[in-house]
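Each remark here refers to the structure printed beneath this line.
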Amino acid sequence: MKRSIKAAVAACAAGALAPLLFTNTAQAAAGPVYFSMGSFQCAISSDGAVGCDTSPKLMSIKIGGSYLPIPFQVSQVVINVPWAPAHPGFAAGTPYTLPGGNPDISTVATGHDTWGSSVSYAGATCSTGFHGSVSCEAKGHSWTYYEQITAG
């Protein structure tokens, strides 16, 4: 009789814990999506913000209908607020890169076209394109990279 009581208590405990376990799994699934596109190591967060680490590159930002060059090379590009264009990031280290590097975009892609792969998550989309170009769109803004980062 003691074994059946223990089994019943274990079954009840498992049933009571199931919603908590499923909630934790759902929350874990809602974390950032990491991927690489050429020299860019990127992450899209669950709020639709995009950030990418890269080797130092030139960047220009569209302001008032003209593209203004940033007077230094950038190692991060982010779109994290709807009221600002894509801009350099200044976080310490490489916050958008997993230890050992991010998986190639083709392994997490949600779409493919003639030029390459794309990943869409939380309202943001990043993709590879013609001759190794890459781009991201989020929060009403975008950036592209071919020979330099161009933010609009």
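Values for this structure:
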{"read-out": "The stretch 37-135, accessible area per residue, ligands and nucleic acids excluded (1.4 Å, Å²)", "value": "51 Å²"}
{"read-out": "Under 5 Å, built H, 5+ apart or other chain: amide partners of SER36", "value": "CYS42, ASP104, ILE105"}
{"read-out": "Listed residues THR125, THR114 arranged by accessible area, highest first, probe 1.4 Å", "value": "THR114, THR125"}
{"read-out": "Long-range HN-HN contacts of ALA86 with modeled amide H, under 5 Å", "value": "SER142, GLY152"}
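The values are calculated or read from the model by the stated rules, or taken from the named source; none is laboratory data. Note that this is a predicted model, so its numbers are computed, not measured. When the accessible area is computed, the model is the full protein with side chains, heavy atoms only, and any ligands, DNA or RNA have been set aside. Shrake-Rupley method; radii C 1.70, N 1.55, O 1.52, S 1.80 Å.
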